[in-house]
Amino acid sequence: MLKSKRSAYLFFFILIAVYYASLILFHDNLWMRAFIASFLPIVAGLVSFSWTFKAYQTMADKNRYFWLLFSIGILFFTLFHFTLLFFLLTNRTHNIEIAIILLSAYLLFLTGLAYKIRQIKTNPNRPFFFNLIIFMTVVMTVSIHYIVNPILPYRNFSLISTSISLCFPVIIWSISFTITYLFYLFPAIQDKRSSLFIIGGSIILVIADVIYIFQNLNNDFLPGNMTDPLLTIAILIIGLGGLYTKEKTNEREWFTDTLAKNNGYIFPYLSVMILLVLYLESTNWYYNSLTIGLCLTLFLIVGRQILLVRKNYLLIAEYHHLAYHDPLTGLYNRAKLTEDFTQLQEKMDSSPNPIALLLFDLDRFKNINDSFGHYIGDSLLEEVAKRLKSSAKENARIYRMGGDEFIFLLVNATKDDSITTAKQILAEFSRPFKIADYDITITPSIGISMYPENAANPVSLLKNADAAMYLAKEKGKNNYQFYCSQLNETMNRKMLLETELRNAIEKNQLQLYYQPKIDLKTRKLVGMEALLRWQHPTLGVIAPSEFIPIAEESRQIISIGEWVLLTACKQNKLWQNSGLPHLSVSVNVSVRQFQDSDFLLTVKRVIAESGLDPQYLELEITESIMQNMNESLLILTGLRKLGVKLSIDDFGTGYSSLHVLKELPIDTLKIDKSFIDNISDPKNQSMVKTIIDLGLNFNLNIVAEGIEHEHQAQVLSSFNCNYGQGYLFSKPIPTEQFNHLLIQIKIGGSTLGCKSTNF
C-alpha cells in the first residue's frame with residue numbers, strides 16, 4: 001500500500017497529525033506522552049526503513065550503498081525508540097547503551113552522506129569553500145557556545161557519559177558539514193529529487209537534536225513535548241526520498257533549478273545573520289565564543305568578497321580580450337580594427353598621415369578544409385598568424401576578419417611601404433607550412449587601399465581593399481593590387497549585371513545563337529552549337545565573357561544552363577518536326593552545372609520534356625572536370641546510358657592526360673582556337689597533328705574551333721580532322737537566320753565553304 005507516492009504522502013500527513021493530536025490530547029498525562037513519543041517513531045522508522053531498503057534493492061549502481069547505510073541507520077533509530085518504549089513499559093531507567101544506539105544511527109547517517117558526496121564528480125570552485133567555511137564556522141561557534149561549554153562544567157558525569165555527550169555535538173556538526181557540502185554540490189547531482197528529500201530530512205534531524213540537547217542542558221526536556229515529532233518528520237522525509245530513486249527524468253522544475261542556481265548565496269549570509277542575532281541576544285555583550293566566531297566569520301566574508309572581486313576582474317579582462325581578439329589565432333578582430341582606425345583618424349585631424357590597409361585571403365583555402373579537414377585548416381590559420389606576427393614591422397597591426405581573411409594596417413605608410421609589406425607577405429607564403437604530417441603550400445591575394453586617398457572611413461577603405469583583392473585574384477592570384485577609382489566602376493557594373501541577370505530569363509532577354517558545324521572534307525552541314533547571348537534593353541549586348549563568369553560565381557549558371565539546354569532541345573525538335581535535316585545540337589555545360597547534384601536528373605527531364613532523341617544532343621564539357629575523376633565518371637556514364645553524346649571542349653588547355661582520356665566515355669575532342677590561330681607555325685602544326693592523331697587513335701571525332709581562313713581548313717583537312725567551326729563558314733546567327741539556312745540546305749543541298757555563305 002505504501003509503495004506508491006500518493007499513499008506514502010497520505011501516511012506521512014496522517015501519522016504526523018495523529019502524533020501532534022495525541023500530544024495535545026494527553027497534555028496532562030506524562031506517561032502517555034512518553035509512550036506516544038516512543039511508539040509512533042517506531043512505526044515511522046519501520047515504514048521509512050522499508051522505503052530506503054527497497055531503494056537499495058532496486059538500484060544497480062554504487063549509489064545503492066548510500067541507501068543501505070541510511071536504511072541501517074533508520075533501523076538503529078527505530079531500535080533506539082523501541083528500547084525507550086521497553087524501558088518505559090518495564091519502569092526501568094535509561095542507561096548509556098541507549099545513547100550508544102542513537103549515536104550509531106547518526107554515525108551511519110554521516111557515513112551515508114559522506115559516501116554520496118564521494119560519488120558526485122565535480123570540482124567546486126574557491127568561493128564554494130569560502131561559503132562552506134563561513135557556514136561551518138557559524139555552526140561550530142553556536143555549538144561551542146550553547147552546547148559544548150555547558151556540558152564541560154558537569155564534573156559529576158562519568159568520563160564515558162561526558163565523552164558520549166560531547167560526541168553528539170561533534171556528530172551533529174559533522175552532519176551539518178556534509179549536508180552543506182551536498183547542498184553546494186546540488187547542481188552536479190543526478191537524482192535531484194531524492195537528494196532534496198535527504199538534505200531536507202537531515203536538516204530537520206539536526207535541528208531536532210540541537211533542540212533536544214539544548215533542552216537537556218537547561219533541564220527543560222520532558223518526554224513527548226511538542227518538538228519531539230521533528231525527529232519522526234525527519235526520518236519519514238528521508239524515507240520518502242527512497243521512492244524517487246528509480247525516476248530518470250530530464251524534466252525541469254522551478255524549485256530544483258532555482259536551488260541549483262542560487263545555493264551559493266543562501267547559507268553564508270543567512271548563517272551570519274543568525275550568528276549576529278545570537279550575539280546581540282547574548283547576556284551583557286561580554287567577550288565570549290560568539291564574539292570570536294562573529295569576528296572570524298566577518299573576516300572570512302571579507303576574504304570571500306576580495307576573491308569574488310578578483311575573479312570578476314579577471315572575467316572582465318577575459319571578456320575584453322575576447323571582444324577585440326580572434327579566439328583562434330589571437331590576432332585583433334574586426335571590432336578592434338574599427339576602434340583603432342577611429343582613434344588614428346582622430347589623431348590625423350591635427351597631423352594628417354596616410355594609412356594603408358592591406359586585405360588578403362588565402363587562395364583556394366576551401367580545398368584545404370575539404371581535403372584535409374577543418375582541424376588542419378584551423379591549424380594552418382594559426383601557423384599563418386604566427387608567421388605574420390613574427391615578420392610584421394612596428395608600424396603594422398594585424399587583424400583576422402574571419403574565415404581566411406587577414407588585414408595589415410600600416411600607420412604613416414606610403415605606397416612604397418605598402419609594396420614592401422605586400423612583397424614581404426608574399427615571401428612568407430613562399431615556404432610551405434608544416435601542419436601535422438603535411439607540407440601545405442598556399443598563396444595569398446592582396447588588395448591595398450590608402451587613406452585618405454581612396455576612402456574617408458574604415459568601411460569604405462575595407463570595401464575598396466576588397467575590390468583590389470578580387471582584382472588580384474582575377475590576375476592569377478598570389479599577387480597584390482592597388483585600389484583605383486576604375487575598380488569601383490567595375491565592381492558596380494558587376495553587381496548590376498548580377499542583379500539584372502536574375503530576371504533575364506523571365507524578361508526574355510536571353511536568346512540562343514547557333515553556329516554551324518561542318519564536315520571539312522565535304523563542306524556539308526553536320527551539326528550546330530548553341531551559344532548564349534544577352535540583349536539588355538538599356539545596357540545593350542553584353543558579351544558572354546562578361547556575364548558567364550558572374551553567373552558562375554553567383555550560381556545562377558545552374559538555372560540559366562537548364563534554360564539553354566531545354567530551349568536548344570525544343571528548337572532542334574521543332575526543326576526536325578518541320579522536315580528539316582536531323583542534326584545534332586551541341587550545348588556547353590559549365591563546371592558548376594556539372595557538379596550540381598541534380599544535373600543528371602535535369603538532363604533526363606529536359607529530354608523527356610522536349611521529346612528530342614538523345615542521339616541528337618551533345619554536351620560539351622571542359623577538361624577541368626577531370627580534377628574529380630570518380631564523381632565525373634559516374635555522371636558521364638549516366639549521360640552515356642541516356643544516349644547523349646559527349647565532347648571535351650577547348651582540348652589541350654586544361655588538365656588532360658592520356659590515362660584520363662582513355663577512361664572517359666566521350667565521343668568528340670574539340671581543339672581550342674588558340675592552336676588554330678597559329679597553325680602556320682611548324683611547332684603549332686605538329687601539336688595540332690598530334691592531338692588529331694591521338695583522338696583518331698581513340699576512335700574519337702575531332703572538331704577544330706575558330707577556323708577563319710581557307711588555309712587553316714586545308715591544313716586541318718590534310719591532318720584528317722573531321723569537322724570544323726568558325727567564321728570561314730558562318731558566325732553564330734539567331735534562330736530565324738539558322739532556320740533559313742536549314743531551309744536552303746534542304747532545298748538546294750548547299751555547302752558552306754566561303755565567307756559569301758555567311759548570313
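Yes or no: residue 605 surrounded by 14 or more Cβ atoms within 10 Å (Cβ to Cβ), more than 19 Å from residue 529 (Cα to Cα) and over 38 Å from the mean Cα position of the chain (by Cα)?
Values: surrounded by 14 or more Cβ atoms within 10 Å (Cβ to Cβ): yes; more than 19 Å from residue 529 (Cα to Cα): yes; over 38 Å from the mean Cα position of the chain (by Cα): yes.
Spelling it out, residue 605 is indeed surrounded by 14 or more Cβ atoms within 10 Å (Cβ to Cβ), more than 19 Å from residue 529 (Cα to Cα) and over 38 Å from the mean Cα position of the chain (by Cα).
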**Report entry** Top-ranked residue of segment 665-688 - restricted to ones that are of a type in the set (A, V, I, L, M) and in a helix (DSSP H, G or I), ranked as nearest to residue 725 (Cα to Cα)
**Finding:** 676
Report task. Kindly check whether there is at least one residue in segment 664-679 that is surrounded by 16 or more Cβ atoms within 10 Å (Cβ to Cβ), small (Gly, Ala, Ser) and assigned by TED's automatic domain parsing to the domain that holds residue 731. Result -> no
Report task. Tell me which residues, restricted to segment 68-119, are under 29 Å from residue 243 (Cα atoms) and hydroxyl-bearing (Ser, Thr, Tyr). Result -> 71, 78, 83, 104, 106, 111, 115
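Go through segment 724-742 and give me each residue that's hydroxyl-bearing (Ser, Thr, Tyr) and either under 55 Å from the mean Cα position of the chain (by Cα) or crowded, with 19+ Cβ neighbours inside 10 Å (or both). First the steps, then the outcome.
Step one: list which residues in segment 724-742 are hydroxyl-bearing (Ser, Thr, Tyr), which gives 727, 730, 735.
Correct list: 730, 735.
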Requested in this report: Any residue in segment 430-449 that's over 21 Å from residue 408 (Cβ atoms): show its pairings with residues that are loosely packed, with under 15 Cβ neighbours inside 10 Å and of a type in the set (Ser, Thr, Tyr) at Cβ separation under 6 Å, as long as the two are six or more apart or on different chains.
Outcome: 432/441
**Report entry** Residue check for residue 506: surrounded by fewer than 19 Cβ atoms within 10 Å (Cβ to Cβ), modelled with pLDDT under 90 and farther than 29 Å from residue 704 by Cα
**Finding:** yes
Query - Pair list, Cβ < 6 Å and 6+ apart or interchain, from segment 628-653 residues that are outside the structural domain of residue 723 (by TED's automatic domain parsing) and closer than 16 Å to residue 668 by Cβ to residues that are surrounded by fewer than 20 Cβ atoms within 10 Å (Cβ to Cβ) and modelled with pLDDT under 90 - result: none
Query raised in the report: Hey, does segment 605-620 have a residue that's within 30 Å of residue 684 (Cβ to Cβ), at pLDDT 90 or above, among the hydrophobic types (A, V, I, L, M, F, W, C) and assigned by TED's automatic domain parsing to the domain that holds residue 725?
Result: yes
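So which residues in segment 582-597 are of a type in the set (S, T, N, Q) and out of contact with any strand residue (DSSP E or B) (no Cβ under 6 Å at 6 or more places or on another chain), if there are any at all?
590, 593, 595, 597
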Report summary line: Checked segment 559-576 for anything closer than 18 Å to residue 596 by Cβ and surrounded by fewer than 20 Cβ atoms within 10 Å (Cβ to Cβ); matches are 559, 562, 563, 566
Query - Answer residue from segment 348-390, given it is modelled with pLDDT under 85 and of a type in the set (Asp, Glu) and is farthest from residue 419 (Cα to Cα) among those - result: 370
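Would you tally the residues in segment 17-38 being of a type in the set (Val, Ile, Thr) and either exposed (fewer than 15 other Cβ atoms within 10 Å of the Cβ) or at pLDDT 90 or above (or both)? Let's see the steps before the verdict.
Step one: of segment 17-38, the residues of a type in the set (Val, Ile, Thr) are 18, 24, 36.
Next, from what is left, pick out any that are either exposed (fewer than 15 other Cβ atoms within 10 Å of the Cβ) or at pLDDT 90 or above (or both): 18, 24.
Total satisfying the criteria: 2.
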Report task. Kindly list, by first and then second residue, each pair from a residue in segment 87-114 that is surrounded by fewer than 15 Cβ atoms within 10 Å (Cβ to Cβ) to a residue that is part of a helix (DSSP H, G or I) and at pLDDT 80 or above, limited to pairs with Cβ atoms under 8 Å and residues at least 6 apart or on different chains. Result -> 92/86; 93/87; 94/84; 94/87; 97/83
Report summary line: Of (1) crowded, with 17+ Cβ neighbours inside 10 Å; (2) more than 23 Å from residue 330 (Cβ to Cβ); (3) at pLDDT 90 or above, residue 419 fails just (1)
Requested in this report: All but one of (1) under 30 Å from residue 541 (Cβ atoms); (2) at pLDDT 85 or above; (3) part of a helix (DSSP H, G or I) hold for residue 481, so report the exception by its number.
Outcome: (3)
Report summary line: The lone condition residue 607 fails out of (1) in contact (Cβ under 8 Å) with a residue 24 or more places away in the chain; (2) closer than 17 Å to residue 555 by Cα is (2)
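Which residue is modelled with the highest pLDDT, if the candidates are limited to segment 310-324 and must be aromatic (Phe, Trp, Tyr) and within 16 Å of residue 335 (Cα to Cα)? Don't jump to the end; show me each part of the working.
Pass one, segment 310-324, residues aromatic (Phe, Trp, Tyr): 313, 319, 324.
Still in the list and also within 16 Å of residue 335 (Cα to Cα): 319, 324.
Numbers: 319: 78, 324: 86.
So the residue we want is 324.
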Query raised in the report: Any residue at all in segment 130-149 that is surrounded by fewer than 17 Cβ atoms within 10 Å (Cβ to Cβ), at pLDDT below 80 and either acidic (Asp, Glu) or more than 16 Å from residue 174 (Cβ to Cβ) (or both)?
Result: yes
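The values are calculated or read from the model by the stated rules, or taken from the named source; none is laboratory data. All values derive from a computational prediction rather than experimental measurement. We place every Cβ from the backbone using ideal geometry, glycine too, and count neighbours over all the protein chains shown.
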